[in-house]
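Bear in mind these aren't lab numbers, they're just calculated from the coordinates by the rules spelled out. What you see is a predicted model; the values in this text were computed from it and never measured. We place every Cβ from the backbone using ideal geometry, glycine too, and count neighbours over all the protein chains shown.
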Amino acid sequence: MNIFNNLKPLSRLSLSYVCRVLPKTRLQSLSTGKCNLCKAMRTWTQQRCSVFPFRPFSDSSDSNYLYKAYQKSDSSDRYIREKGSPQDFTLDVLVALLKQENALDLCVVKVPEQISYAQYMIVVSGYSTRHLKAMALYAIKVYKYLKKNHDAHVKIEGKNAEDWMCIDFGNMVVHFMLPESREVYELEKLWTLRSYDEQLSNMPEEKLPEDFIFDLEVTK
Amino acid sequence: MGFLIETSIKVQQRTFRASSAAAAIQKMTRVRVVDNSSLGNTPYHKAPRVIHVYTKNGIGKVGDKVLLAIKGQKKKALIVGHKMPGDRMTPRFDSNNVVLIEESGNPTGTRIRVPIPTQLRSMDGDYSKVLAIASSFV
């Protein structure tokens, strides 16, 4: 994949996406005709003559198209795609795509090994609910493109919430929040200072009620 | 023959009371709110009680949403631990723990002190937010 070598990771990502989705576009002149992905796409997408926008804002039509692409791909296309797919969905990919989406206040916290929850906790802010939703959907789109067959699908949690959305990608968890709710919850503080967090220490101590009787329950 | 008479007398003396199957959290159970929300922590003369369980049968296990009556108001909550033993290799708690939740699914409190079971992560549902504000896992 010679066209991929000299590009920066960000544009490499976008180019590979473009290669997959836009079969007959001006990309042919850019790539010296050696983009195997585009070649394979050209053979069976004769009926699809329309040019899709580079990164469409409505996700439903495009994801349908992507799904059909997976279904119709013959063995040769799959082989080429595996050879050509650049990288796994790592932290770098996620951070790059969030930066591309103009995410505000991107914060990545490495979760300590003892907590077997995830490896990285990422918190990002957005300008508005629409922005958060767009970022989340784009992240899912890129994940779907880069994932292998054995990786599970990922869903957006909190779709109907206005200010807080979550995505759990196995080894990483992303939280998309509005700045106001970010101030309220202070997730970065909690995940960096695990037990030394000030909100935790401000919580009043649990007191047993006066009429508490401790009875030892023997389970079967 | 005498033996048979003895057993029949014993059978008559035995009284059975058929009660419902032992369940984890159902209507009218008193629960413990474990987050640091003001609604859950201010004292009230009645303990928070479950008034509805949002499952097919009226039994709530870890990860199920319930409706609580707290301080004279209705509030949705998520069950994060119950006293009834569950699957093997899942934690059993000494109290029925619950985390208050809004209609949107956002937790009402901002921190949870009590350990939260990690099986919530693999369950179907929106639990990442509750896991994000938890301070310890079990």
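Starting from the 7 Å offset along Cα-to-Cβ, what nm value, one decimal, do you get for the label separation of A:Ser195 and A:Glu162?
Reported label-point gap for A:Ser195 and A:Glu162 is 3.9 nm.
What does the convex hull of the Cα atoms come to per residue for segment A:90-217, in Å³?
Taking the convex hull of the Cα positions in segment A:90-217, it is 178 Å³ per residue.
Among the listed pairs A:Lys99/A:Lys147; B:Lys27/B:Lys129; B:Lys27/B:Lys75; A:Lys159/B:Lys129; B:Lys27/B:Lys76; B:Lys46/B:Lys74, give every one whose C-alpha distance is greater than 18 Å.
In this structure, A:Lys99/A:Lys147; B:Lys27/B:Lys129 exceed 18 Å between Cα atoms.
Compute the distance in nm between two label points, each set 7 Å from the Cα along the Cα-to-Cβ direction, one at A:Gln100 and one at A:Lys148.
2.2
Please work out the FRET efficiency for the pair B:Thr42 and B:Thr118, using the Cβ-Cβ distance as r and a Förster radius of 30 Å; give the result to the nearest 0.05.
Once rounded, the FRET efficiency stands at 0.50.
Suppose a student asked you for the relative contact order of segment B:19-138, using Cα pairs under 8 Å spaced at least 6 residues apart; what percent would you report?
Across segment B:19-138, relative contact order equals 23 percent.
Ignore the peptide's own chain and count Cβ atoms of other chains within 10 Å of each Cβ in A:116-125; give me the average, rounded.
Across A:116-125, the average partner-chain Cβ count within 10 Å equals 2.
Ranking request for peptides A:161-167, A:148-154, A:99-105: highest mean number of other beta-carbon atoms within 10 Å first, then the rest in descending order.
A:161-167, A:99-105, A:148-154
Work out the mean other chain Cβ neighbour count within 10 Å for the residues of B:91-104 and drop it here as an integer.
1
Please average, across the residues of A:156-168, the number of beta carbons from any other chain that are within 10 Å of each residue's own beta carbon, and give a whole number.
4
Name the long-range amide H neighbours of B:Ile116: under 5 Å, sequence gap of 5 or more, or other chain; modelled H, no Pro or chain starts.
Hits under the 5 Å cutoff: B:Ser136, B:Phe137, B:Val138.
So how tilted is helix B:2-13 from the main axis of chain B? Cα-based, degrees 0 to 90, rounded to 10.
Roughly 40 degrees, rounded to the nearest 10.
Give me the distance in nm between label points sitting 7 Å out from Cα along the Cα-to-Cβ direction at A:Gln119 and B:Asp87, one decimal.
Modelled inter-label distance: 2.5 nm.
Between A:Arg130 and A:Asp88, what's the calculated FRET efficiency when r is the beta-carbon distance and R0 is 22 Å? Round to 0.05.
My answer for the efficiency is 0.15.
Please list the non-local residues whose amide H lies under 5 Å from the amide H of B:Lys76, H modeled 1.01 Å from N, same-chain partners needing a gap of 5 or more.
B:Leu68, B:Ile101
Listed highest first by mean packing, meaning other Cβ atoms within 10 Å per residue, what order do B:103-109, B:69-75 come in?
B:103-109, B:69-75
If I stretch the segment between A:Lys207 and A:Glu186 completely, what's the gain in nm (0.36 nm per residue apart, minus their alpha carbon distance), one decimal?
Here the answer is 5.0 nm.
For the ranges B:25-35, B:55-65, what's the packing order if you count other beta-carbon atoms within 10 Å of each residue, average per peptide, and put the highest first?
Going by the mean number of other Cβ atoms within 10 Å, highest first, we get B:25-35, B:55-65.
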